[in-house]
Amino acid sequence: MEEERADKENHIEEGHTGIPLYDPVELAKKLQKIVLRASQRKYYRLARAGRWYGGIATADCCGCNLRCVFCWSGKPRDNPDKVGTFYESQQVARALVTCARKHRYQLVRISGNEPTLGRDHLLQVIRAVERAGLAFMLETNGTLIDLSLAKALSSFAKVHVRVSLKGTDAEEFSRLTGARPEGFSLQLSALENLLVAGVSCHPAVVTSFSSSDNLRQLKKTLQTIHPELVPNLEEETIILYPHVARRLKQAGLYPREAYRP
Ligand code: SF4
C-alpha cells in the first residue's frame, strides 16, 4: 500500500507486464549521457551496404529511447555503455559516402537505434553527406522531433523522414514499447512538426499486433493531421528473429502476422 502510494506520487505507472512504464524523453536524457561525447556519437557499425530503398549505405548507432518488444537491436540498445565506438560526424559521413560511392547508391542513413538522440551530431552528418551530393533517409521513432529540430531539418534539400509509429494508438504504443501511453502523441506531433516546417516525410506503422478497426482509426487520426499522410502510410510487419520471438513470448504478445528471417 505504501509502495503504491509512493509510485503514484512519483507518477510511476505499471504496464500490462507489471513493469513500471517509462517516459521516452526522460530516458533519452539518460542515454544522451552514455552515447554522446561532445560532438561524437557512439556507433556499433560503420558503414554497411543494404538493399532497402533500392540500395542504401547505413551506419548503425547505439542507444534508443524506446524499448519496443519486437526490436531487432540487442546489446547496442539495451547496453549502449558496453558496446560501440565514439565517432565524429565527419568520420561517419566519410564512411557513408565511401560506401555509397562504392555501391553506386544515392541514399544514406543512420539506423540500428535512434539517430535523433544526438541532434547536433545528426545535423552535421546530414550536412556533410548532402555536400557530397547524397540524399539522407532519417528513420526515426519521432518522439524527439520537436518543432526546432523539424525546422533545422528543413534547411536541407535532400532529407526525407520516415516516422515509425509503434502501434496504432496510445494503448497499443504503450503495450508494444513499455513506455507511457502519452509517448504516442509525441510520434504524431513529429509528423505535424515536420509538415509545418515543410520537411518531406511519411508515417510507417507496425501492424503485426493491430486489429483492422485500430488501423482504420489510425488512418482517421492521420487524416486530421494531413490528408497526404494516409495514402503514404507504410504498413510494416515484424521479423521474428530468435531474440525477438523470445522477447515477445516473455511479454505474452503474439503477432497476427510476422516474417521469418
Ligand atoms: S524505436 Fe526502433 S530501435 Fe528503438 S526500440 Fe523501437 S524498434 Fe528498436
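The values are calculated or read from the model by the stated rules, or taken from the named source; none is laboratory data. All values reported here derive from a predicted model rather than from experimental measurement. So basically every Cβ, Gly included, is an ideal-geometry build from the backbone, and we count neighbours across all protein chains shown.
Residues checked against (1) under 23 Å from residue 243 (Cβ atoms); (2) within 16 Å of the ligand (Cβ to nearest atom); (3) within 18 Å of the chain's Cα centre (by Cα); (4) without any contact (Cβ under 8 Å) to a residue 12 or more places away in the chain:
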{"position": "64", "(1), (2), (3), (4)": "yes, yes, yes, no"}
{"position": "69", "(1), (2), (3), (4)": "yes, yes, yes, no"}
{"position": "98", "(1), (2), (3), (4)": "no, no, no, no"}
{"position": "138", "(1), (2), (3), (4)": "no, yes, yes, no"}
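Which of the residues spanning the stretch 73-88 are within 12 Å of the ligand (Cβ to nearest atom), touching a residue at least 40 places away in the same chain (Cβ under 8 Å) and surrounded by 15 or more Cβ atoms within 10 Å (Cβ to Cβ)?
As a first pass, look at the stretch 73-88 and keep what is within 12 Å of the ligand (Cβ to nearest atom): 73-74, 76-78, 80.
Among the residues that remain, those that are also touching a residue at least 40 places away in the same chain (Cβ under 8 Å) are: 73-74, 80.
73, 80 - these are the residues of the stretch 73-88 that are within 12 Å of the ligand (Cβ to nearest atom), touching a residue at least 40 places away in the same chain (Cβ under 8 Å) and surrounded by 15 or more Cβ atoms within 10 Å (Cβ to Cβ).
So is residue 24 closer than 30 Å to residue 174 by Cβ and either touching a Ser or Thr at 6+ places or on another chain (Cβ under 6 Å) or of a type in the set (S, T, N, Q) (or both) or not?
Numbers: closer than 30 Å to residue 174 by Cβ: yes; either touching a Ser or Thr at 6+ places or on another chain (Cβ under 6 Å) or of a type in the set (S, T, N, Q) (or both): yes.
Against the criterion (closer than 30 Å to residue 174 by Cβ and either touching a Ser or Thr at 6+ places or on another chain (Cβ under 6 Å) or of a type in the set (S, T, N, Q) (or both)), residue 24 qualifies.
To keep it simple, each residue is scored yes or no on (1) within 26 Å of residue 136 (Cα to Cα); (2) buried (at least 16 other Cβ atoms within 10 Å of the Cβ).
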site: 176; (1), (2): no, yes
site: 181; (1), (2): no, yes
site: 194; (1), (2): yes, yes
site: 214; (1), (2): no, yes
site: 224; (1), (2): no, no
site: 233; (1), (2): yes, yes
site: 239; (1), (2): yes, no
site: 255; (1), (2): no, yes
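What are the residues in the stretch 147-171 that are farther than 24 Å from residue 72 by Cβ, in contact with a helix residue (DSSP H, G or I) (Cβ under 6 Å, 6 or more places away or on another chain) and part of a loop (DSSP other than H, G, I, E, B), if any?
154, 156, 158
Could you list, in sequence order, the residues of the stretch 112-136 that are within 17 Å of the chain's Cα centre (by Cα), under 19 Å from residue 50 (Cα atoms) and not in a helix (DSSP H, G or I)?
112, 113, 114, 136 - these are the residues of the stretch 112-136 that are within 17 Å of the chain's Cα centre (by Cα), under 19 Å from residue 50 (Cα atoms) and not in a helix (DSSP H, G or I).
Anything in the stretch 30-47 that is charged (D, E, K, R) and within 16 Å of the ligand (Cβ to nearest atom)? List them, or say none.
Listed by number, the residues that qualify are 30, 41, 42, 45.
Is it fair to say residue 204 is under 26 Å from residue 25 (Cβ atoms), touching a strand residue (DSSP E or B) at 6+ places or on another chain (Cβ under 8 Å), part of a helix (DSSP H, G or I) and among the small types (Gly, Ala, Ser)?
Values: under 26 Å from residue 25 (Cβ atoms): yes; touching a strand residue (DSSP E or B) at 6+ places or on another chain (Cβ under 8 Å): yes; part of a helix (DSSP H, G or I): no; among the small types (Gly, Ala, Ser): yes.
It is false that residue 204 is under 26 Å from residue 25 (Cβ atoms), touching a strand residue (DSSP E or B) at 6+ places or on another chain (Cβ under 8 Å), part of a helix (DSSP H, G or I) and among the small types (Gly, Ala, Ser).
Condition (residue is modelled with pLDDT of 95 or more, within 14 Å of the ligand (Cβ to nearest atom) and aliphatic (A, V, I, L, M)) applied to the stretch 110-121: is it met by at least one residue?
Yes, the conditions are met somewhere in the stretch 110-121.
Based on what the data block shows, is residue 180 of a type in the set (Lys, Arg) and either within 24 Å of residue 86 (Cβ to Cβ) or within 16 Å of the ligand (Cβ to nearest atom) (or both)?
So residue 180 fits the description; yes.
Can you spot a residue in the stretch 156-178 that is of a type in the set (Ser, Thr, Tyr) and free of Cβ contacts under 8 Å to residues at least 12 places away in the same chain?
There is no residue in the stretch 156-178 that is of a type in the set (Ser, Thr, Tyr) and free of Cβ contacts under 8 Å to residues at least 12 places away in the same chain.
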